[in-house]
Amino acid sequence: MLRVGVTGGIGSGKTALTDWLTEEGITVVDADLAARVVVAPGQPALAEIIAAFGDQYLSPDGQLNRAALRKLVFEDADKRKALEAMTHSRIREELIRQLAAADSAYVVLSSPLLLESGQSELIDVSVVVDAPEATQIARTMERDGNDQALVEGIMAAQLDRETRKSRADIVIDNSASLADLHEQAAILHQTLLARATNT
Ligand code: ATP
């Protein structure tokens, strides 16, 4: 089956695109959701994380306190590497499992880290959703109510826009309206269906 990666920076419109594809009946595997699955209560990664970083990263309900952990590793590259060593291969296994279980015309892997992690090996074609940085910031602030500095901090830790675009097989320009995005989504969908038939 043709495996299509969708990526883009924060607030670029990945979800807006993949929601449209979902409505067309395409299975979308979400790397952010897979990242939650592998640290759910009872999973070995959760026990390892708590052993390494301490009980304070466990919420009273037994879930990982993701916000606190994100802050910790954002400020400390060594700790971030240690966390990644505990989670990345497990996320990858979960993604492989979900991609293999898909039965739509093609399958999408949506991941903010598609191009900067080994996840690009899991896909046949990459689609980058692109928007100007100011647009990304404005949309994310409106969606999440976050302040600008936080959004800019997250963007600074992500791949820069030009590098990301240069690694894409297909670029979707999401600088205009949602209607415009949906028009491009329809063309993309036809392209991918044709490619899936020939794969
Ligand atoms: P993240 O990486 O943070 O999950 P994302 O790439 O999935 O972000 P979306 O959630 O799809 O981005 O889009 C960010 C916000 O901008 C959402 O509220 C979405 O509805 C809105 N949005 C996306 N595309 C457009 C557009 N073309 N016009 C107006 N609003 C848009």
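The number of residues in the range 99-126 being assigned to a loop (DSSP other than H, G, I, E, B), within 15 Å of the ligand (Cβ to nearest atom) and in contact with a Ser or Thr (Cβ under 8 Å, 6 or more places away or on another chain) comes to 6. So is L159 farther than 17 Å from T18 by Cα, within 13 Å of the ligand (Cβ to nearest atom) and surrounded by fewer than 16 Cβ atoms within 10 Å (Cβ to Cβ) or not? Spelling it out, it is not the case that L159 is farther than 17 Å from T18 by Cα, within 13 Å of the ligand (Cβ to nearest atom) and surrounded by fewer than 16 Cβ atoms within 10 Å (Cβ to Cβ). For first residues located in the range 42-65 and under 21 Å from E94 (Cβ atoms), partners that are charged (D, E, K, R) and assigned to a helix (DSSP H, G or I) and lie 6+ apart or on another chain with Cβ distances below 8 Å form the pairs Q43/R90; P44/R90; A45/R90. Being touching a residue at least 40 places away in the same chain (Cβ under 8 Å), within 16 Å of the ligand (Cβ to nearest atom) and of a type in the set (D, E, K, R) is a description that does not apply to R195.
Which helices (runs of 4 or more DSSP H) does the range 1-97 wholly contain that include 1 or more residues that are closer than 17 Å to S120 by Cβ and within 20 Å of the chain's Cα centre (by Cα)? Spell out the reasoning first.
Numbers: elements: 14-23, 31-37, 44-53, 66-74.
By residue number, 14-23, 31-37.
The combined condition, being of a type in the set (S, T, Y), within 9 Å of the ligand (Cβ to nearest atom) and buried (at least 18 other Cβ atoms within 10 Å of the Cβ), is not fulfilled by T27.
For A168, the stated conditions hold: it is among the small types (G, A, S), more than 10 Å from the ligand (Cβ to nearest atom) and either within 13 Å of A131 (Cβ to Cβ) or surrounded by 12 or more Cβ atoms within 10 Å (Cβ to Cβ) (or both). Each residue in the range 1-11 was checked for being buried (at least 24 other Cβ atoms within 10 Å of the Cβ) and more than 14 Å from L114 (Cα to Cα), and 1 pass. The single condition among (1) away from the ligand (no atom under 13 Å from the Cβ); (2) crowded, with 20+ Cβ neighbours inside 10 Å; (3) of a type outside the set (D, E); (4) within 30 Å of A77 (Cα to Cα) that V129 does not satisfy is (1). Answer yes or no as to whether G62 is small (G, A, S) and open to solvent by less than 20 Å² (accessible area, probe 1.4 Å). In short, no.
Could you check, for the range 60-69, whether at least one of its residues is closer than 27 Å to K165 by Cβ and not acidic (D, E)? Scanning the range 60-69 turns up no residue that is closer than 27 Å to K165 by Cβ and not acidic (D, E).
The values are calculated or read from the model by the stated rules, or taken from the named source; none is laboratory data. Since we're looking at a predicted model, the values are computed, not measured. Counting neighbours? That spans all protein chains shown, and the Cβs are built from the backbone with ideal geometry, glycine included. All accessible areas refer to the heavy atoms of the entire protein, side chains included, with ligands and DNA or RNA removed. Shrake-Rupley method; radii C 1.70, N 1.55, O 1.52, S 1.80 Å.
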